[in-house]
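The values are calculated or read from the model by the stated rules, or taken from the named source; none is laboratory data. The model shown is predicted, which means the values in this text are computed figures rather than measured ones. Positions of Cβ are generated from backbone atoms using ideal geometry, with glycine treated the same way; all protein chains shown enter the neighbour counts. Heavy atoms of the whole protein, side chains included, go into the accessibility calculation; ligands, DNA and RNA do not. Shrake-Rupley method; radii C 1.70, N 1.55, O 1.52, S 1.80 Å.
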Amino acid sequence: MQCAELPLSCLANRRDRARVRTLWSYRPGASTADTAAAEKRAAAHMRRGRPWHTQPMRLSTGKELPWFVDGRGFTWQPVTGDGERYEAHNKIPQNSYTLAELATLRGPVRKIAAPQPEDMQLVRDALTIAGTKALATLAVALMHGSKAGRDCTGHPGALVAGCPGSWESQTVRLLVWQTGPVIEAEQTHPEALAVLREVIIRWVAGDPMVEVAGSLARALVAVTQQQGGFEQISDSRLHDCALSNRYARYATYGSP
């Protein structure tokens, strides 16, 4: 099995394209010293290019303004300055709205919240029991989440609402578009798939909505470290995939 790689032009911006060109350097069979050096370079690169996250904005009054996703699956962030207004993450449309206006014009709106600790534990446990089938199982579960988000909002990008421009979200898109469709049944762990599918669908289609890509990265990084590296959460077919370097980095430094 080969996972085709998207052309660099499909990535969101020049920074992401530059990251793909960087040698992140997972290599099956690499020496411990080579792997450690590669991981050190990757960690430094992630710190320099750290993606933004959906932290609430704290006003001078002490009130916090959360982020929202609208009825079409688009992300809205608080606007700096006076008043409690929101603007689209991608600046389209360019208008800013109060929450009431946003609900009227583009509702229903759902708050973007942090994942519950119990859900994160469920995800970590599922990835752990999946063993070397973890990454393939996650890719298939994300396909189910993508469909749920599209059914909920009509927008194909609903799966990565909350942080659509991040490096983690770009990687999740690749797992859904490029890798998930070619995963075979024997590459997945049925019990782990059931848990991951249920949690991801709840995150994508629930109220409040949970940002998926970064939350999964944090869980996957913890499991990868616990299990002893990328080779312990992925099978040989994914090791040979054209996207293995990117997935190895997502599983190791997905959310530094």
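See the values below:
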read-out	value
Top-ranked residue in region 233-245 [being open to solvent by less than 50 Å² (accessible area, probe 1.4 Å) and in a helix (DSSP H, G or I); ranked as farthest from ALA161 (Cα to Cα)]	HIS239
Members of region 131-145 that are open to solvent by 10 Å² or more (accessible area, probe 1.4 Å) and either under 17 Å from ALA248 (Cβ atoms) or of a type in the set (Ser, Thr, Tyr) (or both)	GLY131, THR132, LYS133
Sole exception among (1) among the aliphatic types (A, V, I, L, M); (2) touching a Phe, Trp or Tyr at 6+ places or on another chain (Cβ under 9 Å); (3) within 27 Å of ARG72 (Cβ to Cβ) for ALA251, by number	(3)
Residues of region 91-120 classified as within 17 Å of THR153 (Cα to Cα) and of a type in the set (S, T, N, Q), total	1
ASP151 being in contact with a strand residue (DSSP E or B) (Cβ under 7 Å, 6 or more places away or on another chain), open to solvent by 40 Å² or more (accessible area, probe 1.4 Å), touching a residue at least 12 places away in the same chain (Cβ under 8 Å) and within 30 Å of GLY107 (Cβ to Cβ)	no
Test: residue in region 110-131 that is at pLDDT below 95, of a type in the set (Val, Ile, Thr) and touching a Pro at 6+ places or on another chain (Cβ under 8 Å)	yes
ASP207, sole failed condition from (1) open to solvent by 10 Å² or more (accessible area, probe 1.4 Å); (2) closer than 30 Å to ILE92 by Cα; (3) part of a helix (DSSP H, G or I)	(3)
Close pairs from region 104-131: first more than 30 Å from TRP76 (Cβ to Cβ), partner among the polar types (S, T, N, Q), Cβ under 8 Å, at least 6 apart	ALA126/THR137; LEU127/THR137; THR128/GLN226; THR128/GLN227; ALA130/THR137; ALA130/THR188; GLY131/GLN227; GLY131/GLN232
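Every residue, every condition in (1) in a loop (DSSP other than H, G, I, E, B); (2) among the acidic types (Asp, Glu); (3) open to solvent by less than 10 Å² (accessible area, probe 1.4 Å), yes or no:
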residue	(1), (2), (3)
CYS163	yes, no, yes
GLU168	no, yes, yes
THR171	no, no, yes
LEU175	no, no, yes
GLY180	no, no, yes
LEU193	no, no, no
LEU216	no, no, yes
GLU231	no, yes, no
ALA251	no, no, yes
